[in-house]
1. Tell me the residue from ALA288, ALA233 that is within 13 Å of the ligand (Cβ to nearest atom) and among the aliphatic types (A, V, I, L, M), please.
2. Against the conditions (1) open to solvent by 30 Å² or more (accessible area, probe 1.4 Å); (2) in the same structural domain as LEU55 (by TED's automatic domain parsing), where does ALA122 fall short? Just the number, please.
3. Of the residues ASP360, ASP348, ASP339, which single one is under 30 Å from ILE179 (Cα atoms) and outside the structural domain of GLN113 (by TED's automatic domain parsing)?
4. What are the pairs with Cβ atoms under 6 angstrom where one residue, in segment 276-304, is on the phi < 0 side of the Ramachandran plot and crowded, with 24+ Cβ neighbours inside 10 Å and the other, located anywhere, is assigned to a strand (DSSP E or B) and among the acidic types (Asp, Glu)? Sequence gap at least six, or different chains.
5. Among the residues that make up segment 118-130, is at least one of them of a type in the set (Gly, Ala, Ser), closer than 26 Å to SER189 by Cα and away from the ligand (no atom under 16 Å from the Cβ)?
6. Working only within segment 143-182, note down all residues that are in a helix (DSSP H, G or I) and closer than 15 Å to CYS198 by Cβ.
7. Going through segment 316-335 one residue at a time, which ones are open to solvent by 10 Å² or more (accessible area, probe 1.4 Å) and either under 17 Å from PRO279 (Cβ atoms) or out of contact with any strand residue (DSSP E or B) (no Cβ under 6 Å at 6 or more places or on another chain) (or both)?
8. Do you know which residues across segment 1-29 are farther than 19 Å from ARG321 by Cβ and open to solvent by 50 Å² or more (accessible area, probe 1.4 Å)?
Amino acid sequence: MTNKIAVLAGDGIGPEIVAQAVKVLGVLRDEFGLQIELEEAPVGGRAYDVSGQPLPEPTLRLAKEADAVLLGAVGGPQWEALDISLRPEKGLLGLRAELELFSNLRPAILYEQLADASTLKADVVAGLDIMIVRELTGGIYFGQPRGVRTLANGERQGFNTLVYSESEIERIGRSAFEIAMKRDKRVCSVDKANVLECTELWREVMERIAVDYPQVVLSHMYVDNAAMQLVRAPKQFDVMVTTNMFGDILSDCAAMLTGSIGMLPSASLAADAKGMYEPIHGSAPDIAGKGIANPLATILSVAMLLRYTLDEQDLASRIERAVSAVLDQGLRTADIYTDGMKKIGTEDMGEAVVASLISDGG
Ligand code: NAD
């Protein structure tokens, strides 16, 4: 069966880095027999420029009919003055909502070769490999009622609602347990059950799901402690699962443990394993068009696409090994460069990964 992949390069460095990821997909198709079909479409600021919408109807249609979406990044200063409903970021939010991508996977991996890039001591973070599973379509970011009201005494009051139904908790919980089954089989559920009734229910549902996964060890941690543990001893974690807001904060914290934004991929999954895959960084307008952006986060997003949507575990591992091999060769883009290494540009980094993939056996 041929799988269709929608390629949405977006703005800024998006087209430069996505071009390298597409090269990698091309090698997997031509040399390793991967049956895929790629189709490109505009999204974000460029889409607005050509169609007046950040998420044009044909792009949304393509994303919906594809098995997976590979996205670069959106946004840039030239679109900041637009009405909020037309800004590039709306394209991204629209895709998340329309595709019902409720499970956000944010790995924090630090390759041994880049341990010096972290602000933490190398021995605390070297070899780090955490997967944060963040609920993406519910919780306090979407709960009703919300707003700012004026009280009888004239003072204004802001309010939001933290709300999760059992089914919402269950589907993100199952997503985390399934991922743990492909990893070290440990899930740490992060909540604030001592203060928030909503996350007391969260904890109860996680316990219930755990019965169906006897091989997975479930633990619980309060979010304040989880933040401390992430910077104290991050290697204790395998999979962490948490609410939308806690996950927003913890996943950025975990990403920065690695010190290299250009290296981290992400996935957002729907119930049917369909997913959108993108680097965690933005469109980096400051370096766009210079040919120096790091394409590895986008290439590693392709590895996640193979792992979580196409279930091609071997090909996913091959990409990860190829990335590790180019780092072993001392090849670095400017953002991860250290003395004694060889500084190369976006295109050369893409070529190096392709060469490494091919030499690993076709
Ligand atoms: P950013 O992630 O684009 O850039 C932050 C810094 O990291 C910059 O110095 C940039 O040069 C560097 N950087 C980022 N990716 C890199 C890469 N692959 N290689 C080398 N260096 C890299 O964040 P920002 O500057 O806050 O935002 C820029 C634009 O991107 C804004 O319009 C923002 O709204 C948008 N944005 C989009 C997404 C997304 O599409 N998912 C995410 C975050 C920000």
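1. That would be ALA288, the only listed residue that is within 13 Å of the ligand (Cβ to nearest atom) and among the aliphatic types (A, V, I, L, M).
2. Evaluating ALA122 over (1) open to solvent by 30 Å² or more (accessible area, probe 1.4 Å); (2) in the same structural domain as LEU55 (by TED's automatic domain parsing) leaves (2) as the failure.
3. Exactly one of ASP360, ASP348, ASP339 is under 30 Å from ILE179 (Cα atoms) and outside the structural domain of GLN113 (by TED's automatic domain parsing), namely ASP360.
4. SER301/GLU278
5. Within segment 118-130 (the criterion being of a type in the set (Gly, Ala, Ser), closer than 26 Å to SER189 by Cα and away from the ligand (no atom under 16 Å from the Cβ)), the answer is yes, since at least one residue qualifies.
6. GLU166, SER167, GLU168, ILE169, GLU170, ILE172, GLY173
7. Within segment 316-335, SER317, ARG318, GLU320, ARG321, SER324, ALA325, ASP328, GLN329, ALA334, ASP335 qualify.
8. MET1, THR2
The values are calculated or read from the model by the stated rules, or taken from the named source; none is laboratory data. All figures in this text were calculated on a predicted structure; none of them were measured in a lab. Every residue, glycine as well, gets a Cβ built from its backbone with ideal geometry; the counts of neighbours run over all protein chains shown. Surface accessibility is based on the protein's heavy atoms, side chains included, excluding ligands, DNA and RNA. Shrake-Rupley method; radii C 1.70, N 1.55, O 1.52, S 1.80 Å.
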